[in-house]
Ligand code: SER
């Protein structure tokens with residue numbers, strides 16, 4: 001067969017189905033090395049889920065000391081056993097985190113260190129939480145490029161090399177001012193204008209490319225702004241929706257850096273972590289996409305403040321707009337269309353705005369100086 005025609009056939013098959021049967025032949029350079037190792041034909045079914053092997057997955061979480069890692073580790077440890085979930089970060093854990101289950105140092109920029117951990121701990125699922133968020137990324141673009149892009153490349157290659165199921169979170173920040181914003185569907189124009197957003201679109205595309213080209217079991221959810229009580233985000237644009245609760249309890253007032261009418265999609269952390277577990281456990285055949293929007297609610301600062309006021313009639317909100325974060329927020333979705341996640345793998349949120357506010361306030365103020373809103 002002429003070379004050109006053969007090439008066309010190979011590429012055509014690859015574009016139509018994951019891996020297209022060419023997994024063993026086409027591996028990225030770093031993975032190929034000098035050995036004759038290749039990906040088994042049934043790669044998708046050896047990722048360590050309970051249903052696939054009757055053994056729980058062995059999970060590694062990168063960036064484990066950010067807003068979500070400890071909460072996800074707790075949830076996964078309840079399901080799969082404490083020792084089967086390893087938290088990693090470059091920072092020192094608190095005593096509480098250190099004594100609640102396996103924790104080890106890992107830098108996503110250190111390929112060999114990451115590979116050693118995956119091998120020594122026989123990891124089967126990798127949750128890649130290591131990243132710089134939107135606002136902080138704009139203050140240190142070169143670090144954001146390194147962590148969010150080079151780190152992702154390391155993780156992708158290691159996941160492929162060791163046949164892992166890989167989860168990478170994406171975000172509302174993966175969209176930009178030219179995307180439809182109300183609502184934003186899964187598939188549409190994505191031209192974000194932050195390094196964070198650009199790196200997340202890159203992650204979505206690279207993960208999907210590895211899936212179609214090599215059969216990597218890549219799964220990705222676009223998270224809305226996540227609101228949590230016992231862990232704080234760092235350097236995001238949606239952080240106001242966390243800080244408002246802390247300041248309300250501590251000082252009875254909050255100065256907001258976004259305009260009162262800036263609407264963004266949001267979610268309580270318990271919903272976010274459960275969604276992550278559910279999409280990781282979903283049968284491969286139920287996934288019509290490898291990157292899904294997930295959503296729970298959508299509100300703006302003045303609506304959130306109104307809801308807080310129902311519990312704390314003395315609460316005061318003032319506004320001092322930060323132009324960088326305001327511009328970022330105005331380029332992001334106002335509402336997220338997550339109908340594909342709901343249809344394909346049964347996504348359903350539990351927390352709407354009233355439950356979110358009640359839960360946050362009673363968590364942060366267990367003595368309950370806060371009035372019940374009725
Ligand atoms: N919470 C993130 C941020 O504000 C968005 O994904 O940067």
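Of 241, 144, 159, all but one fail to be more than 14 Å from the ligand (Cβ to nearest atom) and either closer than 25 Å to residue 59 by Cβ or part of a helix (DSSP H, G or I) (or both); the exception is 159.
For residues in the range 274-301 being out of contact with any strand residue (DSSP E or B) (no Cβ under 9 Å at 6 or more places or on another chain) and assigned to a helix (DSSP H, G or I), which is nearest to residue 327 (Cα to Cα)? Looking at residues that are out of contact with any strand residue (DSSP E or B) (no Cβ under 9 Å at 6 or more places or on another chain) and assigned to a helix (DSSP H, G or I), I get 274.
Let's see how each residue does on (1) at pLDDT 95 or above; (2) within 15 Å of the ligand (Cβ to nearest atom):
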site	(1), (2)
218	yes, no
234	no, yes
237	yes, yes
269	yes, yes
291	yes, yes
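Being in a helix (DSSP H, G or I), away from the ligand (no atom under 13 Å from the Cβ) and touching a helix residue (DSSP H, G or I) at 6+ places or on another chain (Cβ under 6 Å) is a description that applies to residue 210. Among the residues of the range 325-344, those identified as in contact with a helix residue (DSSP H, G or I) (Cβ under 7 Å, 6 or more places away or on another chain) and more than 22 Å from residue 287 (Cα to Cα) are 325, 328, 332, 333. If you check 260, 265 for being assigned to a loop (DSSP other than H, G, I, E, B) and in contact with a strand residue (DSSP E or B) (Cβ under 8 Å, 6 or more places away or on another chain), only one passes: 260. Flag: residue 221 matches the condition of being closer than 22 Å to residue 271 by Cβ and under 15 Å from the mean Cα position of the chain (by Cα).
The values are calculated or read from the model by the stated rules, or taken from the named source; none is laboratory data. As the structure is a computational prediction, the values presented were derived from the model and not from experiment. Virtual Cβ from ideal backbone geometry, glycine too; neighbours counted across all protein chains shown.
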